[in-house]
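As structure tokens, the structure follows; a few thoughts come after it.
The values are calculated or read from the model by the stated rules, or taken from the named source; none is laboratory data. Note that this is a predicted model, so its numbers are computed, not measured. As a convention, Cβ positions derive from the backbone with ideal geometry for all residues, glycine included, and neighbour counts pool all protein chains shown.
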Amino acid sequence: MNARELVMESVKKVIGSCDGLTEQSNMIRYGVSSLQVMKISGLLRKNGIRLTFADLMENKTLGEWISLAESRMTGNAVKTPVDVGSTRKEAYPLTDVQYSYWVGRENDQPMGGVDCHAYYEFDGMNVDAAKLEEAWDIVISSHPMLRTRFTNDGRQVTMDKPFSESFKKIDLSALDEAEQEKQLLQLRKKMSHRRFDLEAGETAGMRHCILSGGRSVTLIDFALIVCDVQSIKIIFRDLAAYCKSGKRPDVQKDWDFGRYIEKMRDLRSEEEKEASVYWKKREKEMALRPELPIKKKPENITSPKYTHHTASLSEKQWASIKKRAADENVTPAMVLLTAYSQTLHCWTSNDSFLINLPLFDRCDDLGSVSDVVADFTTLLLAEQDLSQKRTFSENIRKVSGDFIRDMRYAAYNGVQVQRDLQALYPGQRDFAPVVFACNIGMELINDDFAECIGDIRYMVSQTPQVWIDCQLFERSGELVLVWDTADELFPEQMTDDMFDTFMRYLNTLSDEKTDWNSFCSPEIPTRYVRKTLDELKEELPHRELLTDGLVRYAAETPDKTALYFCENGKRVTYSELYGLSLRIAAALQEHGFKKGNLAAIILERGIGQIAAAYGILLAGGCYVPISYGHPDKRIEKIISSMKIGFAITDSRERFEGTDAVCIAYDEAVNSSFEYSPTDVTAEDSAYIIMTSGSTGMPKGVEIQHGSAYNTIYDINERAGVTSDHGIIGVSATDFDLSVYDIFGMSAAGGTLYLLSQQNAKDADAWVDIILENNITLWNSVPILFDMLLTAAEKRGAELPIKTVMLSGDWIGIPLAKRCYKMLPQSVIFAMGGATEASIWSNLFIVSKDIPEDWKSIPYGFALRSQMYRIVDRDGRDRPDWAEGELLIGGAGVAKSYYNDPELTKKKFTTENGIIWYHTGDNGRFWDDGAIEFLGRKDNQIKVSGHRIELGEIEYAAVQCRGISRAAAQIYKAGGSARIALFYTADEEVSEKELTEQMKKYLPNYMLPKKFIHIDDFSVTSNGKLDRKALIVPDEADVSDAVSAEFTETESKLSRIWESSLDVKVGSSSDDFFELGGNSLKATNMLYDIEEVFSVKFRIGMIFRYPSLGDMAAQIDKLSKGSR
């Protein structure tokens, strides 16, 4: 036969008919699927035409296929099957995919303790149970892989007979229907996630349950280490054939999988070398796993249970998808893969990620293997790039193009690529835990099976280390879509939402009205518990002037203390403060101050700062607090860049180099100029707080009276603040927590206790003030409150504080627990937000019973007349649990960045009539509507490919004996990012002991490589932890966590490592995988460990104890136990 005839014959054999085909026919538009293209490629190779899947997919017309076939025809057709020998008795190696299943099923593996396993249930009527049992025995005896056992060193052996206890008949017919169903569910629970005894050769099982009324349910399960999905279809076909007509399986006698593997490796050795070059070039820049929200770390899950989700597209919908795919010149599989990746992207925090594609790699070059039962699976890691905004059509074309390109290099499979990635990212093992298994063109059971045994009623699969397994099948013209999900890993109901979103998206895409040339994307569920725009609009804000409280209480309670200066005990009543403020306002007006002008306050801490703020506001102006401690040149630069026209300071000559009119405070309060009342509204600007800017110059956040007052009113109402309350102003006036201290107290008629420059950071002084004045309200960043508790604890003082307001930084769980232990009468208001949204925008009242799985206190819920959104890069709302940027809208949003319209336009946007501030912070909604803060969007930290939350490491450290406070920092060593831990301790703790304690809370890749003991932590002027001061010393100046001196066992083991890895082992803290180890090298090393130490060491122990010291300790433990 010539090339044209061979192409036509192969096409006809695979798709069934060539009717209507011409050489101009586009084979993809004709409806040929990816799986069918793979089969055509295999048949052509068998006939001596070396055409790959990628060749056929890139050249889509029949004529192009024929032309290529003519140019590639070698004449070396496989006329008879290549001799793969008779079935042998000795053990032979596993394939790469089999090996990953074998290693992954170990209990010590993350999400291990399970087989790669498929489970099916079939509803039947009048099934011949005796015939079915006979059929089962014959089928599993006929196929060699169904009577294969696996050795404990990772090899496989074909047995003469199959495992003997694989079939059982269970008669439930005497029970009522409810009890029958109960028994079936118990069987499902037992069989659907069981782990076979592979060492004994148990690889499949059947339970035939006889019910009343002629009904039956047949339960069948397989270890997928011996059979792929096509093999299961073959098994089901053979079972049906025997039950229907007594036909035995047509199995090639003595066909040997081991010799097939050997021949395949020889056949593809050059192709594999070329492919390895391609993948190794890509690996350093390759995306990794989808970063989905998880509630439990994979390494903490053993023997996961998988939840089965299933739905279908109708025949009409599926036909529409196929037609539209053909119009786009892509296969339906690429449409479904694109929709799948877009659905995942709704929940992922990364825009690019890997999806694991299992492919059927039955090589007909070695003779026909189409009827052979074995695991011919290979894997392709498909990188999904969703970093750019594209139409759906553009997306599917990119996905299809990338897939075809990568298929050229599939000879270096996904397991091999992941081993390479293990070397690049030591400690990480789950690079592609999300699977897309497309079985389009394959019906799992035929009509004979449905008639003789039953129709599918339930199915579920599981694979070690797999998080989500998407499977696609065709059945009776419909497309069946299945997700099997490891739900222990994810927040409750999240995978239900994901699957529902996927199906709704496919329904949308199948609708001819949906324009694929638009930017269509999945729509997130609408059931979420969140504040809506309608609810926001119904919450009318409280908008008053910040000065209203002062004016009110100066009239109502003129002798009530408004300010108390703790340095000298001076008290200022509301009447006196109002008088001081009016004189300052008059002095400003005397110098030409007009409504809307800016006036800087550059004074030391004390009464003057507060009076100046009120004076500027009463004059109709906007106050700008600037730290008194800044160098004069920096202050002058701020005044000039902000075009500040006035400044109240300690000397009128201090800033003569600027255009600002400087007014000395002492002169202002003695002004005799007559004050002229100014008409000020809640929409007028009240203050500008300077925040750090990326250009090196601070940016000024302009806040209106009503915006700040709305926040203050809400907090005062929630906390029950009255005129009996007082608060210490620990925050500097240039930090916006001071806005609440100043105006929150005057709004309630309370007292503000002022600190001086000298006692501003003196926690002992704070304790004295609180005790002497019975202060019950506290407001600060967490670290200052920590200082207060420490000072009180050392003195044995019982503080009367009842309301603790904490914000401005992470609130650690240990601090909250410590607060409730020392102040049992108190309640913690955990708050957050942004300077750009008027002090605070959210509140969480911390319970005394903090859940054990929390790592930090959540942000909580939006305040009155405020609202949060969490959005993706394109501004689309994110579903529950999915990370995105926090946007704040509502009454608190700032007016602008003063004198910076370009930045204002970038950071403040309008949608649905609401102005939204883009915070640059990341967060996510919980399913109860609470917000969890996740740090800065532009400050993500990765170590060894893992995204690291420093707060989680710090939390683990303070759980350890003797550690009082801790801060983690990233440093570079050898071009790689490493973790250092700075800590203070109440008692001496060795670094080795600290490492061992932290292992209880953290995986190995999150353990610090350096430990640095310090006396205390530095804080910024706003009381936050000063991370810039955490400088990791040079290598020579700080000790490693573990000494380099080896024990005898470590010494022997290090030589085994060096032989296996071809590297020098320098320390007992060295990690096997960081030095280049992988699962294959680990298995090969087992024999050497057993021979040198005479212990039974399992593969899982190497993963569980990867450091030299830990592995040696386990060997010592096993040695003692064997004596």
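At-a-glance table
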| quantity | calculated |
| --- | --- |
| Matching residues in the range 1072-1088 - criterion: being buried (at least 19 other Cβ atoms within 10 Å of the Cβ) and at pLDDT 85 or above | F1072, M1085 |
| Flag for F565 being under 24 Å from M642 (Cα atoms) and aromatic (F, W, Y) | no |
| Search result, residues across the range 1089-1103 that are surrounded by fewer than 17 Cβ atoms within 10 Å (Cβ to Cβ) and part of a helix (DSSP H, G or I) | E1090, E1091, V1092 |
| Extreme residue, nearest to K398 (Cα to Cα), among residues of the range 21-67 that are among the β-branched types (V, I, T) and not in a strand (DSSP E or B) | I28 |
| Qualifying residue in the range 415-428 (condition: under 26 Å from Q156 (Cβ atoms), in contact (Cβ under 8 Å) with a residue 12 or more places away in the chain, touching a strand residue (DSSP E or B) at 6+ places or on another chain (Cβ under 6 Å) and not in a helix (DSSP H, G or I)) | no |
| Matching residues in the range 1064-1081 - criterion: being outside any loop (DSSP other than H, G, I, E, B) and without any contact (Cβ under 8 Å) to a residue 24 or more places away in the chain | K1081 |
| Failed condition for F673, given (1) surrounded by 15 or more Cβ atoms within 10 Å (Cβ to Cβ); (2) touching a residue at least 24 places away in the same chain (Cβ under 8 Å); (3) closer than 24 Å to Y578 by Cα | (1) |
| Wholly within the range 563-660, strands (runs of 3 or more DSSP E) carrying at least 1 residues that are more than 30 Å from D762 (Cα to Cα) | 598-602, 622-625, 646-649 |
| G700 being of a type outside the set (S, T, Y), surrounded by fewer than 23 Cβ atoms within 10 Å (Cβ to Cβ) and farther than 28 Å from G812 by Cβ | no |
| Residues within the range 827-866 that are in contact with a Pro (Cβ under 7 Å, 6 or more places away or on another chain) and more than 20 Å from F785 (Cα to Cα), tallied | 1 |
| Test result for G706, at positive phi and not charged (D, E, K, R) | no |
| First in the range 1-14 and at pLDDT below 85, second anywhere and of a type in the set (D, E, K, R) and in a helix (DSSP H, G or I), Cβ under 8 Å, 6 or more apart | M1/E9 |
| Residue match in the range 338-352 (condition: touching a Gly at 6+ places or on another chain (Cβ under 7 Å) and crowded, with 18+ Cβ neighbours inside 10 Å) | no |
| Some residue of the range 875-884 being in a strand (DSSP E or B), buried (at least 22 other Cβ atoms within 10 Å of the Cβ) and touching a residue at least 24 places away in the same chain (Cβ under 8 Å) | yes |
| Counted residues, the range 994-1026 - those being touching a residue at least 12 places away in the same chain (Cβ under 8 Å) and acidic (D, E) | 2 |
| Candidate set from the range 118-134 (those that are assigned to a strand (DSSP E or B) and acidic (D, E)); member that is surrounded by the fewest Cβ atoms within 10 Å (Cβ to Cβ) | D123 |
| Residue within the range 932-948 that is at pLDDT 85 or above and assigned to a helix (DSSP H, G or I) present | no |
| Only listed residue being among the β-branched types (V, I, T), surrounded by 15 or more Cβ atoms within 10 Å (Cβ to Cβ), within 22 Å of S723 (Cα to Cα) and in contact with a Lys or Arg (Cβ under 6 Å, 6 or more places away or on another chain), chosen from T547, T561 | T561 |
| Flag if I979 is closer than 17 Å to I953 by Cα, touching a Phe, Trp or Tyr at 6+ places or on another chain (Cβ under 6 Å) and of a type in the set (A, V, I, L, M) | no |
| Selected residue [of a type in the set (S, T, Y), touching a residue at least 12 places away in the same chain (Cβ under 8 Å) and under 17 Å from V529 (Cα atoms)] from Y917, Y898, Y820, Y868 | Y868 |
| Residue list for the range 596-612, filter: over 18 Å from P631 (Cα atoms) and touching an Asp or Glu at 6+ places or on another chain (Cβ under 8 Å) | G596, G606 |
| Whichever residue in the range 392-411 is crowded, with 22+ Cβ neighbours inside 10 Å and polar (S, T, N, Q) and, among such residues, is farthest from the chain's Cα centre (by Cα) | S400 |
| Residue count, the range 251-267 (criterion: assigned to a loop (DSSP other than H, G, I, E, B) and crowded, with 17+ Cβ neighbours inside 10 Å) | 3 |
| Residue in the range 672-687 that is under 24 Å from H542 (Cα atoms) and within 37 Å of the chain's Cα centre (by Cα) present | no |
| All positions within the range 971-1008 that are among the hydrophobic types (A, V, I, L, M, F, W, C), modelled with pLDDT of 85 or more and not in a helix (DSSP H, G or I) | I979, A980, L981, F982, A985, V989, L1007 |
| Qualifying residue in the range 362-384 (condition: farther than 22 Å from Y101 by Cα, in contact (Cβ under 8 Å) with a residue 40 or more places away in the chain, polar (S, T, N, Q) and touching a strand residue (DSSP E or B) at 6+ places or on another chain (Cβ under 9 Å)) | yes |
| Members of the range 129-171 that are more than 23 Å from I453 (Cα to Cα) and either touching a His at 6+ places or on another chain (Cβ under 9 Å) or β-branched (V, I, T) (or both) | T148, T151, V157, T158 |
| Qualifying residues in the range 508-528 (those that are among the polar types (S, T, N, Q) and exposed (fewer than 15 other Cβ atoms within 10 Å of the Cβ)) - the one nearest to the chain's Cα centre (by Cα) | T526 |
| Candidates F449, F436, F473, F431 - the one that is of a type in the set (F, W, Y) and part of a helix (DSSP H, G or I) | F449 |
| Boolean, R248 is within 23 Å of A135 (Cα to Cα), outside any loop (DSSP other than H, G, I, E, B) and either out of contact with any His (no Cβ under 8 Å at 6 or more places or on another chain) or among the hydrophobic types (A, V, I, L, M, F, W, C) (or both) | no |
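Residue-by-condition table, conditions (1) of a type in the set (G, A, S); (2) closer than 14 Å to T343 by Cβ; (3) modelled with pLDDT of 95 or more:
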residue	(1), (2), (3)
Q465	no, no, no
Q471	no, no, yes
W483	no, yes, yes
T501	no, yes, yes
K513	no, no, no
S518	yes, no, no
E523	no, yes, no
